[in-house]
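Visitor: Have a look at the structure that comes next, please.
Nothing in this text is a laboratory measurement; each read-out follows from the coordinates by a stated rule. Since this is a predicted model, take the numbers as computed values, not measurements. So basically every Cβ, Gly included, is an ideal-geometry build from the backbone, and we count neighbours across all protein chains shown.
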Amino acid sequence: MNGTNEENARRTIERVARESYGRLVAYLSVHTHDLASAEDALSEALVSALNNWPQDGVPQNPEAWLMTAARRSLIDIIRHQRVVQASEPTVKLLKEESMETTIGAEFPDERLKLLFVCAHPAIDPAMHTPSCCKRYWAWMRCALPKPFSSHRRRWGSVCLARK
């Protein structure tokens, strides 16, 4: 886009921000009961306008465009807050469990549960066997005693020599 259109877009944004900022923030904050989030959302809408309007052109109703962008930003903020609130009990539980785990010298062996998770019906059936085998062999490598590990190295070299 040429410099004249870019300058026109910038001037329009400045004008709309000066004339409508207070009214838009008031409207958003009355409906959300959160002044700080309303200001943040409108600020993000203005930044978005600075990025989009020079390329796409100034919309016919810039205030409505800013209001729509700010509303969408507020919806994203509210969704994020709900997710954070919904996950607080889980985070608290995990924190308490981690404190218990660090306090105790041993923790339970959950490998069998992990194998069942690998074979869960929601996972693609073609991935069940590779996933379970990967977990199983990783544990077996750690569990093999030292004498068997040297035998495994020799057996591996025999297998490679046959190919």
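Visitor: Please report the projected area of region 8-87's Cα convex hull averaged over all directions, in nm². List each step's numbers first, then the result.
Guide: Working: hull surface 21.3 nm².
One quarter of the hull surface, i.e. the mean projection, equals 5.3 nm².
Visitor: Take Glu110, Glu19 and order them by how many other Cβ atoms sit within 10 Å, fewest up front.
Guide: The order, fewest Cβ neighbours first, is Glu110, Glu19.
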